[in-house]
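A short worksheet on the structure shown next.
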Amino acid sequence: MSLPSKVALIDVGPRDGLQNEKGLVPAAVKIELVHRLQDAGLQEIEATSFVSPKWVPQMGDNAEVMTGIRRRAGVRYSVLTPNMKGLEGAMALDRAHWPHEVVVFGAASEAFSQKNINCSIAESMERFAPVVERALQAGIAVRGAMSCALGCPYEGEVPAERVNYLAGLMKQIGVQRVDLADTIGVATPLKVKRAIEATLPHFSIDQICGHFHDTYGQALANTLAALEMGVWNYQSSVAGLGGCPYAKGATGNVATEDLVYMLHGMGITTGIDLDKLIDAGQFISDFLGRPTNSRAGKALFTKRSA
């Protein structure tokens, strides 16, 4: 079995991790978190979302965050743009503060698509087509998040054929790489492998990112399954930030610290300084007034402090 020798991580903590926090997190704290992540060696960071503050108040400071980040050479900053207005908001900034990549999304479940954005999967891709076209014309890369690719809160099992269908639609509208997202964290390793196989007719292994939630404690096992398939790009959230809104009281994103600990233990290079990453997780956990959700972070911080 040949595993990738190097893995690239996208930390989604500043966006996906913080967006559902009830108390507003000041822009200065979000900016400091981004700085700490890049200082730890993260080369891809999902910084914010250009969405209406009416729907996601936590992301209402998106422009302030993007203009306040002290950019580091070689680091790629991405943002979620749920519609053309969101893309235009990101592009209204000085070009020096534009994102390197924007994220559009679609669900592999028809029920999820209807309940969340009130349209079919095909209609959602039609809505995103002009957003993708405009971004690419402007020289901004586009990533597509395939949500509920491994399970749906309304439909339950999501057949691999639905993943294949969504991946094909995303390819047609010009998406350059895709996130295979286990939105509610119900996946197990064989399901992950089948979903990757279903995506491969449309995107190469180099264009597939694993985005696994740890609701049922399966995120690291699912990562290993994806590694065995050759996937070398993953998304995670520092300190395990981000709940799972469709599984009440459950944790969501896999913690970046846990992922890095596992990868380094397997001899896989990430370019990340685990100690600095743990400090970043401690910083945001202290601000939020609760312990980190990272098991590795908690164990190593305690050991270091003893």
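The values are calculated or read from the model by the stated rules, or taken from the named source; none is laboratory data. None of the values given here were measured: they were computed from a predicted structure. Note that each Cβ is placed from the backbone with ideal geometry, even for glycine, and that neighbours are counted across all protein chains shown.
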Looking only at helices (runs of 4 or more DSSP H) that fall completely inside region 208-299, which ones have 3 or more residues that are out of contact with any His (no Cβ under 7 Å at 6 or more places or on another chain) and closer than 22 Å to residue 145 by Cβ? 219-229, 256-265
Mind checking which residues of region 165-207 are of a type in the set (S, T, N, Q) and closer than 12 Å to residue 148 by Cα? 183
Test result for residue 147, modelled with pLDDT under 95 and within 22 Å of residue 254 (Cβ to Cβ): yes
For region 145-189, enumerate the residues that are farther than 21 Å from residue 225 by Cβ and out of contact with any His (no Cβ under 6 Å at 6 or more places or on another chain). 153, 154, 155, 165, 169, 170, 172, 173, 174, 175, 176
Residue 215 vs. criteria among the hydroxyl-bearing types (Ser, Thr, Tyr) and touching a Cys at 6+ places or on another chain (Cβ under 9 Å): yes
Looking at region 1-31, which of its residues are of a type in the set (Ser, Thr, Tyr) and either modelled with pLDDT under 95 or over 23 Å from residue 263 (Cα atoms) (or both)? 2
Anything in region 258-281 that is surrounded by fewer than 22 Cβ atoms within 10 Å (Cβ to Cβ), among the aliphatic types (A, V, I, L, M) and in contact with a helix residue (DSSP H, G or I) (Cβ under 7 Å, 6 or more places away or on another chain)? List them, or say none. 262, 274
Restricting to region 31-50, count the residues that are within 17 Å of residue 98 (Cβ to Cβ) and of a type in the set (A, V, I, L, M, F, W, C). 5
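Quick grid of which residues meet (1) without any contact (Cβ under 8 Å) to a residue 60 or more places away in the chain; (2) more than 13 Å from residue 82 (Cα to Cα); (3) of a type in the set (Gly, Ala, Ser):
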{"site": "118", "(1), (2), (3)": "yes, yes, no"}
{"site": "122", "(1), (2), (3)": "yes, yes, yes"}
{"site": "132", "(1), (2), (3)": "yes, no, no"}
{"site": "151", "(1), (2), (3)": "yes, yes, yes"}
{"site": "168", "(1), (2), (3)": "yes, yes, yes"}
Taking the criterion of being more than 20 Å from the chain's Cα centre (by Cα) and of a type outside the set (A, V, I, L, M, F, W, C), would at least one residue in region 169-188 satisfy it? yes
Kindly establish whether residue 161 is of a type in the set (D, E, K, R), at pLDDT below 95 and either surrounded by fewer than 24 Cβ atoms within 10 Å (Cβ to Cβ) or in contact with a Lys or Arg (Cβ under 6 Å, 6 or more places away or on another chain) (or both). no
Pairs, first touching a residue at least 12 places away in the same chain (Cβ under 8 Å) and more than 17 Å from residue 37 (Cα to Cα) in region 254-266, second assigned to a helix (DSSP H, G or I) and of a type in the set (A, V, I, L, M), C-beta under 6 Å, six or more apart: 262/220
It is to be established whether one or more residues within region 256-268 are out of contact with any Gly (no Cβ under 7 Å at 6 or more places or on another chain) and modelled with pLDDT under 95. no
The listed residue being on the phi > 0 side of the Ramachandran plot and either of a type in the set (Ser, Thr, Tyr) or modelled with pLDDT of 95 or more (or both), out of 230, 156: 230
